[in-house]
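What follows is a short report on a single structure.
The values are calculated or read from the model by the stated rules, or taken from the named source; none is laboratory data. Keep in mind the model is a prediction, meaning the values are calculated, not measured. Neighbour counts run over all protein chains shown; Cβ positions are idealised from the backbone, glycine included.
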Amino acid sequence: MSHSGLRITDLRVNVAENEILKGINLAVEPGRVHALMGPNGSGKSTLAFALTGHPRYAVVSGSATLDGQDLFAMSADKRAKAGLFLSFQYPAAIPGIKVSNFLLATRNAVKPGDLPPAKFRQLVMEKMDLLDMDISFLGRYLNDGFSGGEKKRLEMLQLAVLGPKYAVMDETDSGLDVDALKAVGESVNAMRADPSSNHTGFLIITHYPRILQYIKADRVHIMIDGRIVKEGGPELANEIERSGYDTIREETALHA
Amino acid sequence: MPETLAARLNEDVLVASILPYYVDRKERLDAYAMYLRTPSGRERPGRYWKIDLDKLDISGHELGTLEVKLPASLPPGVVCIQLAEAFERYGTTLPWFGLAHGKFAALTHAFVNGGALLYVPAGTIAEEPIQISYRAQNGAVFPYTLVIAEERSQVDIVESIRGSDGCFVAALCEVHAKEGARVRYASVQELPSDAQTFSSRIAAPQKDAAITWATADLGAHLCVSSIDVLCNATGIEAEIDALFFPHDDQHVDLTTTVDHRVGESRSTTLVKSAASGAGQARYLGNIRIQPSAHGTEANLKDDALLLSKDAHIDSVPALEIDANDVKAFHGATVGAIDEDQLFYMISRGLERCAAEKMIALGFFEPVIERFSSQGVRDRVRAALEAKVTA
Ligand SMILES: Nc1ncnc2c1ncn2[C@@H]1O[C@H](COP(=O)(O)OP(=O)(O)OP(=O)(O)O)[C@@H](O)[C@H]1O
Ligand SMILES: [Mg+2]
């Protein structure tokens, strides 16, 4: 299908009346991994929130489609039901809601009635095992008192349990130890290859090429000041690691 | 003809009332005078709060019937009987109304027309919770509950308050926890939405005793409650866990007071409240640490969640600390549901109203978990869920 993919076209987004995204074009095909890098404040999280429908992020113009469906015509919960998932850079802590209940409620929301309870439990156990999470997490309140790395693991667990078509991972690798990073890599690789989880396509926002040692990126995009200024293969991530964003800034300034 | 409260006081019917023993006419009249002259100390009517508790005219209420259900089987030595029978059996040997103070405790004292005595002998550990159920039928009722837990005894009480439409309940509960005793008193109030209720709960733990009050005020149009713990000895562990949730045009006024008069005791107060519709509430959390109460540890935390623009909760922590060398902590929050929490949940596929509901219910969980009986926890959750959905 020609319109499959998560397609972002000429996207402009304002936050509190300031233009943050100044025309973004990007397309993620099923089963593909795109890395999005860029300096602090360049607009990476803004892109993630605008796609998922956070009320603070106002889409000024442009479009985003998920396998042909207009994302901006849908409420945030409908976008999730359509198969979009955001792994938060800073996941909210919600006291009083148990992880187990939340997993069940959200799975039922995005894929109603597709798994009998026993199968669902089995799925959760498998994924927790894969992410090396203790089952005691199920009885804890959502992100409440979790360490930074534990929050990120819980994001990955939800991603694996919900099995979306497209996932935006906003700095999921920040704060993870080496073992967890490896586990995240395995989880992502399994999902992109797995037909039963729709060959998930990934947009991985990161500051470090390290995660790309575990997940082979098909494409790397560099965002500076609300624009994608450079694109390339996985080697681009290492180039950034070596020489920072200044050279790219200079190049773009020259081109401008 | 059902008799009104005014008639009941003015006529000599009291002498022949169902509780002739102990609470005589003079004692009732004194208590009533006390009720009339004591200021409520409660919220004045204003922009949000609409009811003047100092000008409440109760004399026209009809006296109702109080149905009291008590457990049929009890651990050996434990006594749990109707109040009338208890007055007959124990006469002046028990400290009836010994802790009562405040306007609304005096009201119950004046008109008491039923209740229960629970007596737990020294060293007795009651494994199963003792269930005390009150039901107000057709009018005003005045339940009085006296709990005496002797040295090193342990008991868990679950009180439930229900009633018929339009009922009026003024309840008083006193707990004497003797040295080393451990008492948990949970109360769930689920009166109909046009009822009025005033309740006073007072505990006086002795050395090394532990008392926990866990209350859920869920029903009634007007609910005025006070919970007091008097810490007059060392080694006391006092805990107050309270939740309430006015919706529609319900009014709730709760005051908790932990009075540390002697040091080396610990208290924790945890209050969670939400309001929706035009629900109104006032919470006053008093912690007093008197000059000689060295080594006291007192904690007060209250969180209020506003679920609509017309809902209002005034939350006032009041710490009076007159001793050095104490640890006192308080924290209070009032606010609407956090947008970031909400978006987190919605972005995972939950509809906005479902997410709000989950957050609101989850908000109460830290208090709900303090109710020791699973049955009570589930009842409270179900009642809260009905309110969130309403
Ligand atoms: N509520 C807000 N009000 C004003 N400016 C905002 C608001 N939220 C974000 N911004 C601004 O938008 C810009 C982009 O922020 P964004 O969070 O998208 O950056 P980022 O690329 O994700 O950065 P980081 O790598 O640090 O996570 C920043 O300059 C930020 O200060
Ligand atoms: Mg960011």
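Does A:R12 count as touching a residue at least 12 places away in the same chain (Cβ under 8 Å), more than 14 Å from chain B (Cβ to nearest Cβ) and over 26 Å from A:G244 (Cβ atoms)?
Yes; evaluated as a whole, the condition is true for this residue.
Pull up region A:151-182, narrow it to residues that are within 16 Å of ligand 1 (Cβ to nearest atom) and of a type in the set (V, I, T), then point me to the one that is farthest from A:L84 (Cα to Cα).
A:T172
Can you name every one of the strands (runs of 3 or more DSSP E) wholly within region A:191-256 that holds 3 or more residues which are more than 16 Å from ligand 2 (Cβ to nearest atom) and at pLDDT 90 or above?
Those strands (runs of 3 or more DSSP E) span A:227-232.
Where the second residue is among the small types (G, A, S) and near ligand 2 (Cβ under 10 Å from one of its atoms) and the first is more than 14 Å from chain B (Cβ to nearest Cβ) and under 12 Å from A:G226 (Cα atoms) and lies in region A:31-47, which pairs have Cβ atoms under 7 Å and are six or more apart or on separate chains?
A:K44/A:G38
Output yes when any residue across region A:212-221 is closer than 14 Å to A:L26 by Cα and crowded, with 20+ Cβ neighbours inside 10 Å, and no when none is.
Yes, that holds for at least one residue.
Every residue in region B:220-260 that is of a type outside the set (A, V, I, L, M), in a loop (DSSP other than H, G, I, E, B), touching a strand residue (DSSP E or B) at 6+ places or on another chain (Cβ under 6 Å) and closer than 24 Å to B:R182 by Cβ, please.
Matches in region B:220-260: none.
Show the residue pairs meeting these rules: Cβ distance below 7 Å; 6+ apart or different chains; first residue within region A:98-118 and at the interface with chain B (Cβ under 8 Å from one of its Cβ atoms) and free of Cβ contacts under 8 Å to residues at least 60 places away in the same chain; second residue surrounded by 17 or more Cβ atoms within 10 Å (Cβ to Cβ) and not in a helix (DSSP H, G or I).
A:F102/A:L142; A:A105/B:L350; A:T106/B:R348; A:T106/B:G349; A:T106/B:L350; A:A109/B:G349; A:A109/B:L350; A:V110/B:G349
Counting only residues that are within 13 Å of ligand 2 (Cβ to nearest atom) and of a type in the set (V, I, T), give me the strands (runs of 3 or more DSSP E) lying completely in region A:1-99 with at least 1 of them. Talk me through it step by step, then tell me what you get.
Values: elements: A:6-15, A:18-28, A:33-37, A:57-66, A:84-87, A:94-98.
Hits in region A:1-99: A:6-15, A:18-28.
Among the residues of region A:58-92, which ones are under 30 Å from A:S147 (Cβ atoms), more than 16 Å from ligand 1 (Cβ to nearest atom) and facing another protein chain (nearest Cβ under 8 Å)?
A:A76, A:D77, A:R79, A:A80, A:F85
Among all residue pairs at least 6 apart or on different chains, which show Cβ distances below 6 Å where the first residue, located in region A:53-72, is under 16 Å from A:E29 (Cα atoms) and the second is assigned to a loop (DSSP other than H, G, I, E, B) and more than 16 Å from ligand 2 (Cβ to nearest atom)?
Final answer for the pair search is A:D67/A:S4; A:G68/A:H3.
Please work out if A:A50 is at pLDDT 95 or above and within 14 Å of another protein chain (Cβ to nearest Cβ).
Yes.
Which condition does A:D132 not pass, out of (1) in a helix (DSSP H, G or I); (2) touching a helix residue (DSSP H, G or I) at 6+ places or on another chain (Cβ under 8 Å); (3) among the charged types (D, E, K, R), if it passes all the others?
In the conditions (1) in a helix (DSSP H, G or I); (2) touching a helix residue (DSSP H, G or I) at 6+ places or on another chain (Cβ under 8 Å); (3) among the charged types (D, E, K, R), A:D132 misses (1) alone.
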